[in-house]
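Laboratory data are not the source of any read-out in this text; all were calculated from the coordinates shown. Keep in mind that this is a model prediction, so the values were computed, not measured. Here the Cβ positions follow ideal geometry from the backbone for every residue, glycine too, while neighbour counts run over all protein chains shown.
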Amino acid sequence: MTFYEVLTEAINDIMLHGFDTKRRIDYWVERLRTAARASLIPEHRINMEMEKSLQAAYSRLVTKGGLVNANVSKFTVDRLKPKLRAELDRRIMASSDLIKYRREESINETLRRFEGWSTSIPKGGTKVLDKIEEKKEIRKALSKLPFEERRVIIDQTHKLIANINEITAVDSGAIAARWHSNWKQMGYNYREDHKKLDGDVYLIRDSWAVKKGFVKPDKGYTDEIISPSQAPFCRCRYVYLYNLRQVEELLTQKGKAALQSAKSKLGT
């Protein structure tokens, strides 16, 4: 029987008899738990979909050279591959655990709703409730689960991309990162506090420019605030900055002198 069919039987039974014994409630809770698990897409299939998404992102960035640009060399990416692969493996494990947790939480929430509803029905039953509405309310969490699982896959893929970019940028000598929010994107449910960070520049602690005293923080360092994509379903990202020209507003007198010297040598 499907979960919906078992839930229909359970509601009919409770509306007929009401909350007369704990045994009746427990019986339906266990039947609903079994039916709920059987009704879901098999967990191994969701995990396969998740791994496929993460592997594709890793391949695009690392294997196929998507990370390589004017500031990041192929040599650097090749050297970082073991570290980046470890990040992929870590993200796969974390995502699998999260999917398992969300499944159990959705099932448990559904059962809590059923128990709360069934124990509110007086002994002897009732005829005044709308069965369709009751079923819709009780199964709400379970009905949303497929959508939530796909959101988790998208979110975890975004987190992997952010972490890979961070590892590569820091190793390649990035000195700062500019927060980029997608608050202008149509339909994106952005966080108001993240919107306020849009365009802010944060120094990377222990970068070469910091060690030489060429820059000073204005907004602070990247390790002092939440990272883009760290919060659930956040799609913000960092744009990494590698040279003094890009952070002129953060230059110390020493940094300004160094930049001017570099410009003079280049004739610019």
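Each part gets one Cα centre, and for the stretch 220-262 versus the stretch 10-43 those centres are 56 Å apart. The long axis of helix 22-39 is offset from the longest Cα principal axis of the chain by roughly 50 degrees.
Subtracting the Cα-Cα distance of Lys22 and Glu192 from 0.36 nm times their residue separation leaves 56.6 nm of extension gain.
Computed from phi, the 3J(HN,Hα) profile of the stretch 172-185 under the Karplus parametrisation 6.51, -1.76, 1.60 (θ = phi - 60°) reads 8, x, 4, 10, 7, 9, 9, 6, 10, 9, 9, 5, 7, 5 Hz, with x in place of Gly and Pro.
Each residue of the stretch 82-88 was assigned a 3J(HN,Hα) from its phi angle through the Karplus expression (A = 6.51, B = -1.76, C = 1.60, θ = phi - 60°), giving x, 5, 6, 5, 5, 5, 4 Hz with x at Gly and Pro.
Restricting the trypsin sites (Lys or Arg not before Pro) of the stretch 154-208 to loop positions (DSSP other than H, G, I, E, B) with no more than 11 neighbouring Cβ atoms within 10 Å leaves Lys184. In a simple Cβ point-charge model (Lys, Arg +1; Asp, Glu -1; nothing else charged), the stretch 174-268 has a dipole of about 380 debye relative to its Cα centre. Net charge in the neighbourhood of Lys64 (other residues with Cβ under 14 Å of its Cβ; Lys, Arg +1, Asp, Glu -1) is +2.
Charge dipole of the chain (Cα centre as origin; +1 on each Lys and Arg Cβ, -1 on each Asp and Glu Cβ, all else neutral): 940 debye, rounded to the nearest 20.
With respect to the chain, whose longest principal axis is taken over its alpha-carbon atoms, helix 43-58 is tilted by about 10°.
Look at the alpha carbon pairs under 8 Å that are at least 6 residues apart: their mean separation over the length of the stretch 1-172 gives a relative contact order of 42 percent.
For a quick check of your reading of the filter: which trypsin sites (Lys or Arg not before Pro) in the stretch 68-117 sit in a DSSP loop and have no more than 16 other Cβ atoms within 10 Å? Present the calculation step by step, with values, prior to reporting the outcome.
Values: sites: Lys74, Arg79, Lys83, Arg85, Arg90, Arg91, Lys100, Arg102, Arg103, Arg112, Arg113; in loops: none.
Loop-located and lightly packed - none at all.
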